[in-house]
Amino acid sequence: MNVQFTLNPPKNIKDVIYNGLKAFNLKHFPDEDVTSLACYIEDEAGDFVGGLTGEIFTNTLFVEFLWVDDRKRHAGIGSMLMERLEKEAVKFGVTDLYLDTYSFQAPDFYKKLGFVEVGRFTNFPTVDIDKVFLQKKIV
């Protein structure tokens, strides 16, 4: 055996590891496609003011990213995005939403929307910042 350790590994090394793990995992998941989605808002001038991306897999939806322009924060944009997301998700048979956020971002915002904290990495990715995992049942 020859154990290697490298910083900034080339893409082909990362691909081999990812594809091996994915092949193993697929044996345990239903044979269904992942559907990508986006939900976004433009203002009256057509300027992009916020949006989110996510993925639907079977009955679950994972919110990957949610962003609102700094000038439009506290204007209800995030709430409008999440409300529309839930409304549309139900149409696809989604029963559960999942996401993660950092402690300096929006855990309280998501909790006001009915999300429950289910886990936390403390001091990640650095000291005094936590990564917070949340979920919500919508049906």
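Can you name every residue in region 17-44 that is within 27 Å of GLU88 (Cβ to Cβ) and modelled with pLDDT of 95 or more?
Listed by number, the residues that qualify are THR35, SER36, LEU37, ALA38, CYS39, TYR40, ILE41, GLU42.
Consider THR126 against the criteria (1) closer than 30 Å to PRO30 by Cβ; (2) part of a loop (DSSP other than H, G, I, E, B); (3) of a type outside the set (A, V, I, L, M): it satisfies all of them except one. Which criterion is unmet?
(1)
How about region 60-87: which of its residues are loosely packed, with under 14 Cβ neighbours inside 10 Å, in a helix (DSSP H, G or I) and not hydroxyl-bearing (Ser, Thr, Tyr)?
Once the filter is applied, which keeps residues that are loosely packed, with under 14 Cβ neighbours inside 10 Å, in a helix (DSSP H, G or I) and not hydroxyl-bearing (Ser, Thr, Tyr), region 60-87 yields ASP70, ARG71, GLU83, LYS87.
Based on this model, can you work out whether LYS112 counts as more than 30 Å from HIS28 (Cα to Cα), exposed (fewer than 13 other Cβ atoms within 10 Å of the Cβ) and without any contact (Cβ under 8 Å) to a residue 60 or more places away in the chain? Break it down into steps so the answer makes sense when it comes.
On the way: more than 30 Å from HIS28 (Cα to Cα): yes; exposed (fewer than 13 other Cβ atoms within 10 Å of the Cβ): yes; without any contact (Cβ under 8 Å) to a residue 60 or more places away in the chain: yes.
Yes.
Among the numbered criteria (1) more than 18 Å from the chain's Cα centre (by Cα); (2) surrounded by 13 or more Cβ atoms within 10 Å (Cβ to Cβ); (3) among the aromatic types (Phe, Trp, Tyr), which single criterion is violated by PHE57?
Here PHE57 meets the rest and fails (1).
Please indicate, with yes or no, whether at least one residue in region 94-113 is modelled with pLDDT of 95 or more, farther than 26 Å from PRO125 by Cα and hydrophobic (A, V, I, L, M, F, W, C).
yes
Could you list all residues from region 10-40 that are over 24 Å from PHE65 (Cα atoms) and either in contact with a strand residue (DSSP E or B) (Cβ under 7 Å, 6 or more places away or on another chain) or charged (D, E, K, R) (or both)?
LYS27, ASP31
In this structure, does VAL49 turn out to be at pLDDT 95 or above, part of a strand (DSSP E or B) and not hydroxyl-bearing (Ser, Thr, Tyr)?
Numbers: at pLDDT 95 or above: yes; part of a strand (DSSP E or B): yes; not hydroxyl-bearing (Ser, Thr, Tyr): yes.
Here the answer is yes, as VAL49 does meet what is asked.
Is it the case, given these coordinates, that LEU7 is hydrophobic (A, V, I, L, M, F, W, C), part of a loop (DSSP other than H, G, I, E, B) and either touching a His at 6+ places or on another chain (Cβ under 6 Å) or at negative phi (or both)? Walk me through how you get there before you give the answer.
Values: hydrophobic (A, V, I, L, M, F, W, C): yes; part of a loop (DSSP other than H, G, I, E, B): yes; either touching a His at 6+ places or on another chain (Cβ under 6 Å) or at negative phi (or both): yes.
So LEU7 passes the test.
The values are calculated or read from the model by the stated rules, or taken from the named source; none is laboratory data. Since we're looking at a predicted model, the values are computed, not measured. Cβ coordinates were reconstructed from backbone atoms using ideal geometry, including for glycine residues, and neighbour counts include every protein chain displayed.
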